[in-house]
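Only one structure is covered here, and it is reproduced in the block below.
Since every read-out is calculated from the coordinates, none of them should be taken as a lab result. The model shown is predicted, which means the values in this text are computed figures rather than measured ones. Cβ placement follows ideal geometry from the backbone for every residue including glycine, while neighbour counts extend to all protein chains displayed.
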Amino acid sequence: MTLDRLAPGQRARVTAVEGEGAFRRRLLELGLLPGTEVERTGQAPLGDPMTYRVRGAVLCLRANDARNVRVER
Amino acid sequence: MSHHEEDHHGASGARWRVVVAGNPNAGKSTLFNRLTGGSAHVGNFPGTTVGTTRGTLQLPGGDAELVDTPGTYSLAATSPDERVAMDALLGFGHHPRPDAVLLVVDGPRLLRSLYLVLQVLELGVPCVVAVNLLDEARAGGIEPRIDTLAEVLGVPVVGTVARSGEGREALVAALGTCLAEAPRSTAPHTFPPAAAADVSAVAEALPERLRSGDPARDEAVARWVLLSADESGRLPGDGEPLAVVARIRKEARAAGRDLDGELVAARYAWIDAHEAVFLGRGPAPARSFTERVDSVLLHPVFGSAIFVLVMTLAFTALFSWADPLIGLVESAMGALGSGVGGGFDAVAGGEATGWLGLLRDLLVDGVIGGVGAVLVFLPQIALLFLFLALLEDVGYLARAAHLADRVLRAAGLPGRAFVPLLSGYACAVPAILATRTLPRRRDRLLVMMVLPLTSCSARLPVYTLLIAALFPPVVLGFVPLQPLALAGMYLFSTAMAVTASLVLGNTVLAERTHEPVLLELPPYRVPDPRVVARVVWSRCRDFLSEAGGTILVATVVLWALTTFPRHTPDELLPEQTVAEARVMDLDLDALAAPLQLEQSYAGQLGRLIEPVISPLGYDWRIGIGLLGAFAAREVFVSTMGVVHGAGEDVDEQDEGLRQRIREARRSDGTPLYTPLVGASLMVFFALALQCLSTMAVLRKESGGWRWPALAFVWTGMLAWVGAFVVRACGLLVGLR
């Protein structure tokens, strides 16, 4: 499944980061790497963007961007 | 000012130069303040619009100049602005080479922050690491082991709490030693063999400008190039692509390897492997303060309500609370003007005429008026940045961006654009300055290009005058037309801003590469009053020193255009009128004012542009009004006062001016202003970038005349077409 499908409170492990060039590098450098644990923490009132806890920080990602991160529970 | 100018170019006379780098939200500004005290001042990096703070740290061996860089998680750059950090660390381009680097990292989020530390260690520069926010880390159940960290990283590490000053002495001592001994740092981690071979190949082919002669540093630069250059191998801000980068990447891809992943993962792998070594864990609170606050502030219902409330408060402050302060500035400048004018008249012994009169008018109407035109912006700028700095420091600004993101996405903008856009409805000048809160240059430029279309408060007097003078209060028996027309103008302006954002964002300012829209939601904190005060003060000073001059000159030029050539009332008025006026004791100057304006250069320009604006239903008198509005849009009202003989001191509520506007006739005797002409004029005002101050600030913030010129031309064309379409449609349905 992909990161945007996680329900609030759910945890998962990153298996792959897809996407091209600078976009993908940006996610990798923030620590979203295969093996990294991620927790969905919440979302904006309109359901998007969503917030995730990654390496102790809370990141806010648009669903469209989060779709590029594959995870397994 | 000359003192700051010198420092801009690095000639501060300090013995050492220390570049300060670090993560966003790591308390870097507060720590910077702790170290440099009152000596900190703000400017731009040479040749960029990237802001930096400089300050002096006194050390036993001499002074060190501290140069701040924008907060970042990585040195990799996808835009010229992001490149500044790397260029400053290694002394590339215009940047002098630093003697040491001070890295400020986010203690509570140490595992992620160490990524930047490892990148800097790879460069081999002398380096001191400050692990800041120790108090917050402890509260969250994390205990960084500072000594162990120093051991495994091989550089001095100091734990700090910038807010309380804890660790300052130790940090200053470590910096002093580091500067005196200039030890090389070495990276503790290694890269997989295949990636290392690729890096060596790039390092050997580095162009001269990126080379240092130090093999380890060249390899670090090569890794940075591999993670920064675009698909063709071009670094942001560089002309020539590096062929070797494109080739190496292609080969890696062909071999089924993920070179980017290998480089990034090698650093994180070292961090993850050593986590237990340098991170002690204490009892973590079940639910942190920030989580509890967020359950309200990010709540679907309460969160949205609070967002609306906070933004309404901000807008009210800009739109209404700034008014008394603006009035204060205006009356102070008015008093200064009449004082100076009175002085001239006293010297002349009566009303100053001739050269003395000209000098008086130049000083009072030109220079003092121009200084006033600059100073009136200060209250709004100060209020907006006070608000922005407070929200940023508290941690709410990122949440506001998060909450607004979905809505702004419809206009192709990130959530962070919300506050600048909202501010645009008060005034585009502070709003353009506020685009600095947007990290990406493309987004900044897009918002700057769209902001002139938001309905600023200077348009309101124009709309009010035209609507009240020309529109019937009630149509169809019950529809209150006037308030609807005003609301319509705001809706129109918003719709045009959204459309412009979508059009520009997909053409001139199209994203070349897709980047994730990323925001970090930092923990809530009590704002640091010194940091807030510095932001407000530096923004105001920046505006005065960098845009103030342009606005002042523009105001004087506009004054000259409406004043010259000068004629006395006797030259302008028919003899009979002069004689009658003398008998009836009328003010000759006031009688002659419309004629003076008509034959001035501005009047001549108004006639010159008449062929261009006559298809819109305007004549040269409206032309002068449009030209005069460049000083500030609301000046249109007083220009109309002069042109139509109602005097200069009128406002949009003036019944006499409204009457004269209704009575104004064309040469063929038909009314000059019809409701249709009024509507077309309002559309023109809604769209045209008729504001020299906005253009001056655009020039300053975009780094040249290119963008303001572009904005001026395209909004001008849009305004003309818009006004023409309104008139054409009106004529088609039988309006006049």
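Values as computed for the structure displayed
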{"quantity": "Antiparallel DSSP beta bridges within the protein assembly as shown, as percent of all bridges there, nearest 5", "calculated": "65 percent"}
{"quantity": "Candidates per trypsin sites (Lys or Arg not before Pro) in segment B:480-583, loop by DSSP, up to 16 other Cβ within 10 Å", "calculated": "B:Arg512, B:Arg566"}
{"quantity": "Charge sum, other residues only, whose C-beta stays under 15 Å from B:Leu153's C-beta, Lys/Arg counted +1 and Asp/Glu -1", "calculated": "-1"}
{"quantity": "Prolate/oblate/rounded label for segment B:1-286 (Cα gyration tensor, a/c 1.5)", "calculated": "oblate"}
{"quantity": "Mean separation of Cα contacts under 8 Å (6+ apart) over length of chain B, as relative contact order %", "calculated": "9 percent"}
{"quantity": "Relative contact order %, segment B:1-286, counting alpha carbon pairs below 8 Å whose residues are six or more apart", "calculated": "18 percent"}
{"quantity": "Under the Karplus curve 6.51 cos²θ - 1.76 cosθ + 1.60, θ = phi - 60°, whole-Hz ³J(HN,Hα) for segment B:18-32, x wherever Gly or Pro sits", "calculated": "10, 8, 9, 10, x, 7, x, 6, 9, x, 4, 4, 5, 5, 4"}
{"quantity": "Dipole magnitude of the protein assembly as shown, debye to nearest 20 (Cβ charges: Lys/Arg +1, Asp/Glu -1, about Cα centre)", "calculated": "2400 debye"}
{"quantity": "Within-9-Å neighbourhood charge of B:Val18 [Cβ basis; K, R +1; D, E -1]", "calculated": "-1"}
{"quantity": "Karplus-derived HN-Hα couplings along segment B:107-114 (A = 6.51, B = -1.76, C = 1.60, θ = phi - 60°), whole Hz, x at Gly and Pro", "calculated": "x, x, 10, 4, 4, 7, 5, 5"}
{"quantity": "Gyration tensor verdict on segment B:462-526 (Cα atoms; rounded if a/c is under 1.5, prolate if a/b is larger than b/c, oblate otherwise)", "calculated": "prolate"}
{"quantity": "Dipole of chain B, positive direction: furthest Cα of B:Gly165, B:Met333, B:Ile613, with charges on the beta-carbon", "calculated": "B:Gly165"}
{"quantity": "DSSP-defined beta bridges in chain B - what % are antiparallel, rounded to 5", "calculated": "45 percent"}
{"quantity": "Sequence-separation-based contact order of segment B:302-452, relative, with Cα cut under 8 Å and 6+ spacing, percent", "calculated": "21 percent"}
{"quantity": "Convex hull volume per residue in cubic angstrom - Cα atoms of chain B", "calculated": "196 Å³"}
{"quantity": "Amide H partners (placed H, <5 Å) of B:Leu519, local residues excluded", "calculated": "A:Cys60"}
{"quantity": "Helix-only [θ]222 nm of the protein assembly as shown, DSSP H runs n ≥ 4, -39500 (n - 2.57) each, per residue, nearest 500", "calculated": "-17000 deg cm²/dmol"}
{"quantity": "Paired Rg and Dmax values of segment B:302-452, which use every Cα atom, in angstrom", "calculated": "21.0, 68"}
{"quantity": "For segment A:3-72, radius of gyration divided by Kirkwood radius, i.e. Rg to Rh on alpha-carbons", "calculated": "0.92"}
{"quantity": "DSSP-assigned coil residues among GluC sites (Glu not before Pro) in segment B:191-296, each with at most 15 further Cβ atoms within 10 Å", "calculated": "B:Glu231"}
{"quantity": "Under-5 Å amide H pairs with A:Arg67, H placed in peptide plane, nonlocal only", "calculated": "A:Asp4"}
{"quantity": "Equivalent ellipsoid dimensions for the protein assembly as shown as semi-axes, Å, which come from the Cα gyration tensor, largest first", "calculated": "56, 30, 24"}
{"quantity": "Largest-first ellipsoid semi-axes for segment B:26-160, taking √(5λ) over the Cα gyration tensor eigenvalues, angstrom", "calculated": "24, 18, 15"}
{"quantity": "DSSP-defined antiparallel bridges as percent of all bridges, segment B:1-286, nearest 5", "calculated": "40 percent"}
{"quantity": "Estimated vicinal HN-Hα couplings, Hz - segment B:78-92 in sequence order (Karplus 6.51, -1.76, 1.60; Gly, Pro = x)", "calculated": "10, 9, x, 4, 5, 5, 3, 4, 5, 4, 5, 5, 9, x, 7"}
